[in-house]
């Protein structure tokens, strides 16, 4: 049986003006798939990259990488979900900006009853990103309680989760943000130190905080504008984990730069490698659900938009006016 769903799609790459609200048919799930009715969908910077064509997909394209709602139907071979289940996901295939969708079940998890749909939609992609960064994307010398780490964009959706999770792990997180208000927000969520990069040199502050040693790891979603200065914050054998391009992609650089700055390591990490299997997705989600249900991590939803207001939502996100997580209500 086919039914229509209000959906945001793009037919060409470009600015927020290319976002179109349309009616699209939604059919039955095939093998390994489910159909989900969204109660809330997440908004993330990767959506901007896909809209502009920095990350290219076949067109027309429905954006959105995370959502939460009710499972309406399951296809052959799906055993971990049933119709009527509360569910949430961060998925490698876009399509969350919609009232309902058919999608692969591999990345969809049953949602505990004590976690609301808005919270789930605002935390799955960001929370799983914080999980793999702090637990799996580690310097060669590892991380021990009391170690300093540097986290850029600490007042954003991933950043505020990372501030809290790092504190729970016993790490001293140094967060950067673009205003005093955002720095205060990071501190209130567990950052040990906060640096306003609009008026402070974050390299100098990091060196001062760490007694001149630098940090073992920098988690950097900014990209071009912070890359080389982030390397300057690392101690010998430190790791720069680049996981986003908010200011644009990192340009090519000479590999010898890493030797000159202390035998450094660089990785370009992505969530979707980490959640490539059903077992890995569930294990990471269980870890996230546990820290949220246990109160170590609270998900802050600071912006809510209707699907019809998606262009404004993208403008706000690109202008870095947002704090915490943002959700769309179908």
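Observations on the structure shown:
- Search result, residues across the stretch 93-122 that are more than 25 Å from residue 9 (Cβ to Cβ) and in contact with a strand residue (DSSP E or B) (Cβ under 9 Å, 6 or more places away or on another chain): 109, 110, 111, 112, 113, 115, 116, 119
- Some residue of the stretch 221-230 being assigned to a helix (DSSP H, G or I), within 15 Å of residue 267 (Cβ to Cβ), touching a residue at least 60 places away in the same chain (Cβ under 8 Å) and touching a strand residue (DSSP E or B) at 6+ places or on another chain (Cβ under 9 Å): yes
- All positions within the stretch 243-267 that are surrounded by 14 or more Cβ atoms within 10 Å (Cβ to Cβ) and either closer than 18 Å to residue 139 by Cα or more than 24 Å from the chain's Cα centre (by Cα) (or both): 243, 258, 261, 262, 264, 265, 266
- Meets criteria (at negative phi, modelled with pLDDT of 95 or more and within 21 Å of the chain's Cα centre (by Cα)) for residue 239: yes
- In the stretch 1-43, counting only strands (runs of 3 or more DSSP E) that sit wholly within it, the ones holding 2 or more residues that are surrounded by fewer than 18 Cβ atoms within 10 Å (Cβ to Cβ) and at pLDDT 95 or above span 20-26.
- Test for residue 4: is it in contact (Cβ under 8 Å) with a residue 12 or more places away in the chain and within 22 Å of the chain's Cα centre (by Cα): no
- Sole residue being in contact with a helix residue (DSSP H, G or I) (Cβ under 7 Å, 6 or more places away or on another chain) and buried (at least 24 other Cβ atoms within 10 Å of the Cβ), chosen from 156, 67: 67
- Number of residues in the stretch 153-199 that are out of contact with any strand residue (DSSP E or B) (no Cβ under 8 Å at 6 or more places or on another chain) and not in a helix (DSSP H, G or I) equals 5.
- Any chance residue 240 is surrounded by 12 or more Cβ atoms within 10 Å (Cβ to Cβ), touching a strand residue (DSSP E or B) at 6+ places or on another chain (Cβ under 9 Å) and in a helix (DSSP H, G or I): no
- Some residue of the stretch 225-233 being within 21 Å of the chain's Cα centre (by Cα), on the phi > 0 side of the Ramachandran plot and not assigned by TED's automatic domain parsing to the domain that holds residue 319: no
- Test: residue in the stretch 295-315 that is touching a helix residue (DSSP H, G or I) at 6+ places or on another chain (Cβ under 6 Å), at pLDDT 95 or above, farther than 21 Å from residue 177 by Cα and not in a helix (DSSP H, G or I): yes
- Checking 194, 166, 208, 153 one by one, the residue that is free of Cβ contacts under 8 Å to residues at least 60 places away in the same chain and within 25 Å of residue 121 (Cα to Cα) is 166 and no other.
- Selection count, the stretch 269-291, where residues are over 16 Å from the mean Cα position of the chain (by Cα) and either at positive phi or in a helix (DSSP H, G or I) (or both): 8
The values are calculated or read from the model by the stated rules, or taken from the named source; none is laboratory data. Since the structure is predicted, the reported quantities are computational estimates derived from the model, not experimental observations. Positions of Cβ are generated from backbone atoms using ideal geometry, with glycine treated the same way; all protein chains shown enter the neighbour counts.
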